[in-house]
Every structure is written in C-alpha cells, then in structure tokens.
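Structure record follows, encoded as structure tokens.
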Amino acid sequence: MIKTTYKKVNPYTTKDGSEIRELMHPQVHGNKKQSLAEAIVKLNGQTALHKHDLTEEIYYITTGRGLMTLGDEVFEVSAGDTICIEPGTPHMIKNTGAVPLKILCACTPPYTHEDTIMV
C-alpha cells in the first residue's frame, strides 16, 4: 500500500505514553526502511523519559508548544520546529501549551516497541 488515509488509521498508546497513529510503517503498509507516525501529547501531559538504541527519530511539531528534554538539554519547542534525536539519547516531551501537542515522528529504522527503553 502506498497511500494511507488519516481517518482510517487507528491510534494506540506507546510505551512512552503518547498516542500514536502509524501513518506509514513497513509491518502494516509494506514500505521498507522508515516509519512515519503522528504522536499526540494531551494537555498537561508528557511522555516518559526513554531512548532508542537503534532508531534515529526526527520530530516535526505541527501543533502546540512543549518542553523537550534531549540528553542533558531542555528547551522549548513549538509548531514549525524540527528536532533530531540520535540513537541512544534519552528524551521526553511535555505539553506546555493550551492545545494537544501534535508531532510527526519519522524513524529510521522503523519504530518498534522492542527498541523503546525506559530510563
């Protein structure tokens, strides 16, 4: 499948506590080397501190504001910001805005629960 429709993608909760919609993932859609998902962090919510040993992630904030922890750094993010998360880097994000925080997450290799390590 080379096309997905947002309304037909069922959300689920990941180990870090965010609501995820897998927009494109090899295990579901047949693409090969990466995954693309939308993560939603609810009002006053945050993800748990975690890392991925294999996966590089790129976050693109589409809606809202937050406070990103990336290794030893903590910084504000908002709609239009892009963040690269290198493999092995502990990270989390807290919603500090007035609307749900929505993030496009691109992962290479594709996201797996097994590569999500809580810290």
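The values are calculated or read from the model by the stated rules, or taken from the named source; none is laboratory data. In this text the structure is predicted, and so the values were computed from the model without any measurement. Cβ atoms come from the backbone with ideal geometry, glycine included; neighbour counts cover every protein chain shown.
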I'm told residue 47 meets every condition in (1) hydroxyl-bearing (Ser, Thr, Tyr); (2) under 14 Å from the mean Cα position of the chain (by Cα); (3) over 21 Å from residue 70 (Cα atoms) except one. Can you identify the failing condition by its number? (3)
Hey, any hits in the stretch 27-44 for a residue that's of a type in the set (A, V, I, L, M), at pLDDT below 95, surrounded by fewer than 19 Cβ atoms within 10 Å (Cβ to Cβ) and within 29 Å of residue 3 (Cα to Cα)? yes
Tally time: how many residues in the stretch 52-67 are of a type outside the set (Phe, Trp, Tyr) and within 12 Å of the chain's Cα centre (by Cα)? 7
Failed criterion for residue 71 (all others in (1) surrounded by fewer than 13 Cβ atoms within 10 Å (Cβ to Cβ); (2) more than 20 Å from residue 116 (Cα to Cα); (3) more than 12 Å from the chain's Cα centre (by Cα) hold): (2)
Could you list, in sequence order, the residues of the stretch 1-26 that are exposed (fewer than 12 other Cβ atoms within 10 Å of the Cβ) and touching a His at 6+ places or on another chain (Cβ under 6 Å)? 1
Name, by its number, the condition in (1) in a strand (DSSP E or B); (2) farther than 26 Å from residue 114 by Cβ that does not hold for residue 97. (1)
Given the residues 55, 62, which is the only one that is surrounded by fewer than 18 Cβ atoms within 10 Å (Cβ to Cβ) and polar (S, T, N, Q)? 62
